[in-house]
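Remarks on the structure that follows.
What follows is calculated from the coordinates using simple rules that are stated; it is not laboratory data. Remember, it's a predicted structure, so these values are computed and weren't measured experimentally. With ideal geometry, Cβ positions are generated from the backbone for all residues, glycine too; neighbour counts draw on all protein chains shown.
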Amino acid sequence: MHSNEAQDLVHTISNETDLKSVWAKACGYFSGHGFNSLIYADINSIGESLILSNAPTQWIEHYEASGYASCDPFFKYCCNTYGSLRTGSAYLSRYKYLQPKERQLILDASEAGLTAGFSSVFRTNGTNGCGGWNILSDAGSEHVDQVLQDREAEFHFLANFLHLRMKDVALHAHSSAPVLTRRELECLKWLSAGLRTAELADKLAISGPTVEFHIKNAREKLSAKTREQAVARAVSLKLL
């Protein structure tokens, strides 16, 4: 189960219909946990993209002037991996494969206070799509590691939920929510509570394959690539 704070944020965001308001609340939530700079990118295979950042203006101007967009490790590695990566100069020694300009970007970012953080990625439609969050702190790697030890799963859920909510707001998708069956909704409800397939089967008195069948149908109806994304989209559309 996620914290009361996270549940309150989900409830609040679910009622927002303005992209700027959703973004502001996302920034406020992570700032409250010591992550003062966020970079959000949703880049799909048909050339449409949405990139948002609350990083210092001076850093953004330097980033653009240096042509860093073409070699940013966040887009090149983080957004194209299934797992979460630690980011920032505090973790630079982990990534021996980085090219000189990629390393310089990270070092320059540290001078602007973007010293340590983590990525949270989401799958996008299309084979060439990529997207994710780079959530950074100026408090150093010890702070990042400590906070993630307690809240990493919650942060990734919220990052995914916020992404879907911003997408839904931008596309006005909340006005045409898909119709899910009672069983599909039950499966998503218990998934959101942290239950796995076997536990879900016991809870609903059905077989494991039947649980998987309902989850697969729910994912398809919600255009979700993963279970987590299906839950987040269902919450965003106020189906749960």
Just tell me the longest site-free run in the chain, where the sites are chymotrypsin sites (Phe, Trp or Tyr not before Pro) in a DSSP loop having at most 15 other beta-carbon atoms within 10 Å. 98-240
Under the 0.36 nm per residue contour assumption, what length would be gained going from the current alpha-carbon distance of Glu64 and Leu52 to full extension? 2.9 nm
Would you kindly state how much longer the chain becomes between Thr81 and Gln149 on full extension, computed as 0.36 nm times their sequence separation minus their alpha carbon distance, in nm to one decimal? 22.4 nm
Need the full-extension length gain, Ser3 to Glu199, defined as separation in residues times 0.36 nm minus the C-alpha distance. One decimal, nm. 68.4 nm
Quick shape check on the stretch 170-240: root eigenvalues a ≥ b ≥ c of the Cα gyration tensor, a/c under 1.5 is rounded, otherwise prolate if a/b tops b/c, else oblate, and it reads prolate
Could you state the number of Å between the C-alpha centres of the stretch 182-239 and the stretch 91-170? 27
Across the stretch 4-173, qualifying lysine pairs (alpha carbons under 29 Å, at least 8 places apart or different chains) come out at 7
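Report relative contact order for the stretch 178-236 in percent, whole number only (criteria: Cα-Cα under 8 Å, sequence separation at least 6). Please report the intermediate quantities before stating the final value.
Values: 48 pairs, mean separation 22.8, N = 59.
The value is 39 percent.
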Defining a contact as two alpha carbons under 8 Å apart and six or more residues distant in sequence, what relative contact order in percent does the chain show? 22
